[in-house]
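Quick notes on the structure that follows.
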């Protein structure tokens, strides 16, 4: 707690640079029909109208963010140019308090890692509070000449840009300070949300944004991350220290729903499923996504030692039962009001052993499965307390745990293979499992010094650096650097699932699991054996999941809890009863009818728009859609021998090649040629299904079919269809 006198002193130091007043007005059917523009460089603040065409073609959330970004930048804009934007939006369904998982914000920017648009979803209270303050999206542009705070007071109807003094930048402290500073009384702290990024976001390309919610049970803020693609780096490059929103008076009628009763009925039905079935299914309410650790290990899908292996005998030290004991149980840990999934777990009173806060007891949000896989098993750190410390510092520094974990595993493999040594790492002994060296590397990242400064560039730029400065084999580094388009891969082993390779690398933004998670359908259950069936799955699931990002919805209540009779339905992997719920609540909010085909069409429009945006920025063709070979098959002798029986069997059964008498190197080469050919066949099938040319360019005919033959899009694709 901060004393009131100290708070007043803090307020006095935050000199107002610009103030803007706006008229408060009610939403209509999930929309405000206006967005808020703030340029932190010129201090221009204005409202922009949202047209009916904008709502029809871009829907909300990610769609609004991409459209505003397109209009704000040119093909020459780079991530650290003033005209780059950070856009935060929800969507028409988002912010309701009756249906679980309705509090997601979608954040869009040009990525420092990929140089193309990145989108990232995040929990916390900011997006819904922004929406109910009066705006469908926040558009941040420009670059300040000093640290600033943007403050949106939805109660008073004004926006202020403050000069920010030299207070703490790291998010766990800054968020607490700003919740206290902008609250007029103790109760108001929960009506405030803060977006921030710490010192790691300033000094690496991996920066994430932290979105806060006030946890009144713990009497402090919790942090949720828009993690992917370095948006936090853009935030700090713009000299934005924080964006704060305040809104009071939350209720179920704020969205102006066409039929509140339907939303309540569908929500109540799902609440009952969660309460009665979660303990028998994924146990989200007790361990969250960490329940996946032992499942992935059992199926040889857990990333181990830079994705070389899929399981490890020490993985049990990181399984869900370990995390259950760390997590504070019997605390409703949802990240938005009304979400009984309550999967946002935390460890209370964790004692830090390293870094600037050594000896302090803190709250650690998570870890989620991706953090356990990335910062635990992938660098072979089978120590739960070390994973928690890495998790905490990644969050407060504003560093994406997925990128950090995957790049750390890459660094460790380079160290183990002699590409790096202690001289080149400045004394860091980056051997498998060395958590002390891993944390020191992270602290260096946050300080912008030593080897941490190099590691903070991400895998793609490290590959270039190690080749140029250390004489490393460029081809080998590209094989083992598990990144696509410049974005580090998230934490599932894709070697044995061609469909999951496509699910990662045939994405618009890079290898992130939020588009398609097809490993079990493909590898375990063999439900999609042909190229055509894989292509259909790689059409439907990315489009369906995109829809969550247009509406402001979390995907977890879709399939991490299932109706008891779900297996009896056709296509149970789609959880059809829950799909119908989403159609029902969309209509109940907006008053517009929507069927399954219309849902996919909404997503296709935005998905193809993002693909064309990539083309506009000089990327987005076939050559950008290939994985590193480590994500496709065995690169090294050790990898092959770890699954020799499986791989030898594949040579016999699929290729008709007798492995007897052949060296491991010969067998690797034969298998590699086969798998690359298979991937090319998958690309052909997916592009055809998506209505794209053989080079991955959406055709004019397809855009016309989607109703997206906007002149600027047609002009862009025509340049690339020649």
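The values are calculated or read from the model by the stated rules, or taken from the named source; none is laboratory data. Not measured: the values here are computed from a predicted model. As a convention, Cβ positions derive from the backbone with ideal geometry for all residues, glycine included, and neighbour counts pool all protein chains shown.
In summary, residue 394 fulfils each of the numbered conditions (1) at pLDDT 95 or above; (2) closer than 15 Å to residue 210 by Cα; (3) touching a strand residue (DSSP E or B) at 6+ places or on another chain (Cβ under 8 Å) with the single exception of condition (3). In the set (1) closer than 29 Å to residue 710 by Cβ; (2) buried (at least 17 other Cβ atoms within 10 Å of the Cβ); (3) touching a helix residue (DSSP H, G or I) at 6+ places or on another chain (Cβ under 9 Å), residue 581 fails one condition alone, (1).
Let's see how each residue does on (1) touching a strand residue (DSSP E or B) at 6+ places or on another chain (Cβ under 7 Å); (2) in the same structural domain as residue 375 (by TED's automatic domain parsing); (3) assigned to a loop (DSSP other than H, G, I, E, B):
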site: 467; (1), (2), (3): no, yes, no
site: 477; (1), (2), (3): no, yes, no
site: 516; (1), (2), (3): no, no, yes
site: 523; (1), (2), (3): no, no, no
site: 542; (1), (2), (3): no, no, no
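One residue alone among 65, 60, 101 is buried (at least 22 other Cβ atoms within 10 Å of the Cβ) and closer than 24 Å to residue 342 by Cα, and that residue is 101. From the list 140, 113, the lone residue that is buried (at least 21 other Cβ atoms within 10 Å of the Cβ), farther than 30 Å from residue 253 by Cβ, at pLDDT 95 or above and within 25 Å of the chain's Cα centre (by Cα) is 113. Look at (1) touching a helix residue (DSSP H, G or I) at 6+ places or on another chain (Cβ under 6 Å); (2) surrounded by 23 or more Cβ atoms within 10 Å (Cβ to Cβ); (3) assigned to a loop (DSSP other than H, G, I, E, B) and you find that residue 528 fails only one, number (2). If the condition is being buried (at least 24 other Cβ atoms within 10 Å of the Cβ), in a loop (DSSP other than H, G, I, E, B) and within 15 Å of the chain's Cα centre (by Cα), then segment 487-507 contributes 489, 490, 491, 492.
Here residue 273 clears all of (1) out of contact with any helix residue (DSSP H, G or I) (no Cβ under 7 Å at 6 or more places or on another chain); (2) surrounded by fewer than 20 Cβ atoms within 10 Å (Cβ to Cβ) except the condition numbered (2). Counting the residues of segment 593-636 that are on the phi > 0 side of the Ramachandran plot and free of Cβ contacts under 8 Å to residues at least 40 places away in the same chain gives 0.
Screening segment 80-98 for residues that are within 28 Å of residue 335 (Cα to Cα) and surrounded by fewer than 24 Cβ atoms within 10 Å (Cβ to Cβ) and picking the one that is nearest to the chain's Cα centre (by Cα) gives 97. Considering only residues that are buried (at least 23 other Cβ atoms within 10 Å of the Cβ) and farther than 23 Å from residue 636 by Cα, which ones fall in segment 445-482? If the condition is that a residue be buried (at least 23 other Cβ atoms within 10 Å of the Cβ) and farther than 23 Å from residue 636 by Cα, then 445, 446, 455, 456 are the ones that fit.
Within the span defined as segment 282-296, one or more residues are in contact (Cβ under 8 Å) with a residue 24 or more places away in the chain, more than 23 Å from residue 122 (Cα to Cα) and outside any loop (DSSP other than H, G, I, E, B).
Residue by residue, here is whether (1) surrounded by 14 or more Cβ atoms within 10 Å (Cβ to Cβ); (2) modelled with pLDDT under 95; (3) in contact with a strand residue (DSSP E or B) (Cβ under 9 Å, 6 or more places away or on another chain); (4) assigned by TED's automatic domain parsing to the domain that holds residue 237 holds:
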site	(1), (2), (3), (4)
10	yes, yes, no, yes
29	yes, no, no, yes
37	yes, no, yes, yes
55	yes, no, yes, yes
78	no, no, yes, yes
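State yes or no: is residue 613 within 30 Å of residue 718 (Cα to Cα), within 21 Å of the chain's Cα centre (by Cα) and crowded, with 22+ Cβ neighbours inside 10 Å? Yes: the conditions hold for residue 613.
Within segment 640-679, the residues that satisfy the criterion of being within 31 Å of the chain's Cα centre (by Cα) and closer than 16 Å to residue 494 by Cβ are 672, 675, 676, 678, 679.
Filtering segment 616-636 to residues that are touching a helix residue (DSSP H, G or I) at 6+ places or on another chain (Cβ under 6 Å) and over 17 Å from residue 487 (Cα atoms) leaves 616, 633, 634, 635. Of note, residue 510 does not satisfy the criterion of being in the same structural domain as residue 697 (by TED's automatic domain parsing), crowded, with 19+ Cβ neighbours inside 10 Å, under 19 Å from the mean Cα position of the chain (by Cα) and assigned to a helix (DSSP H, G or I).
Only one entry in 73, 108 is touching a strand residue (DSSP E or B) at 6+ places or on another chain (Cβ under 8 Å), surrounded by fewer than 23 Cβ atoms within 10 Å (Cβ to Cβ), touching a residue at least 12 places away in the same chain (Cβ under 8 Å) and closer than 17 Å to residue 238 by Cα, namely 73. Under the condition of being more than 24 Å from residue 306 (Cβ to Cβ) and surrounded by 17 or more Cβ atoms within 10 Å (Cβ to Cβ), the residues counted in segment 630-671 number 3.
Hey, can you tell me all the residues within segment 313-330 that are assigned to a loop (DSSP other than H, G, I, E, B) and surrounded by fewer than 14 Cβ atoms within 10 Å (Cβ to Cβ)? Of everything in segment 313-330, those that are assigned to a loop (DSSP other than H, G, I, E, B) and surrounded by fewer than 14 Cβ atoms within 10 Å (Cβ to Cβ) turn out to be 329, 330. Would you call residue 694 closer than 28 Å to residue 528 by Cβ, buried (at least 16 other Cβ atoms within 10 Å of the Cβ) and over 28 Å from the mean Cα position of the chain (by Cα)? Criteria not met by residue 694. Going by the structure shown, is residue 355 on the phi > 0 side of the Ramachandran plot, surrounded by fewer than 24 Cβ atoms within 10 Å (Cβ to Cβ) and modelled with pLDDT of 95 or more? Criteria met by residue 355. When the residues of segment 1-11 are filtered to those that are assigned to a loop (DSSP other than H, G, I, E, B) and touching a helix residue (DSSP H, G or I) at 6+ places or on another chain (Cβ under 9 Å), the one that is nearest to residue 221 (Cα to Cα) is 1. Among the residues of segment 327-337, is any touching a helix residue (DSSP H, G or I) at 6+ places or on another chain (Cβ under 7 Å), in contact (Cβ under 8 Å) with a residue 12 or more places away in the chain, under 28 Å from residue 377 (Cβ atoms) and in the same structural domain as residue 367 (by TED's automatic domain parsing)? Scanning segment 327-337 turns up at least one residue that is touching a helix residue (DSSP H, G or I) at 6+ places or on another chain (Cβ under 7 Å), in contact (Cβ under 8 Å) with a residue 12 or more places away in the chain, under 28 Å from residue 377 (Cβ atoms) and in the same structural domain as residue 367 (by TED's automatic domain parsing). Where helices (runs of 4 or more DSSP H) fall entirely within segment 363-454, those with at least 1 residues that are touching a residue at least 60 places away in the same chain (Cβ under 8 Å), farther than 30 Å from residue 222 by Cβ and in the same structural domain as residue 342 (by TED's automatic domain parsing) are at 401-416. One residue stands out among those in segment 213-254 that are farther than 22 Å from residue 344 by Cβ and more than 26 Å from the chain's Cα centre (by Cα): the one that is surrounded by the most Cβ atoms within 10 Å (Cβ to Cβ), which is 254.
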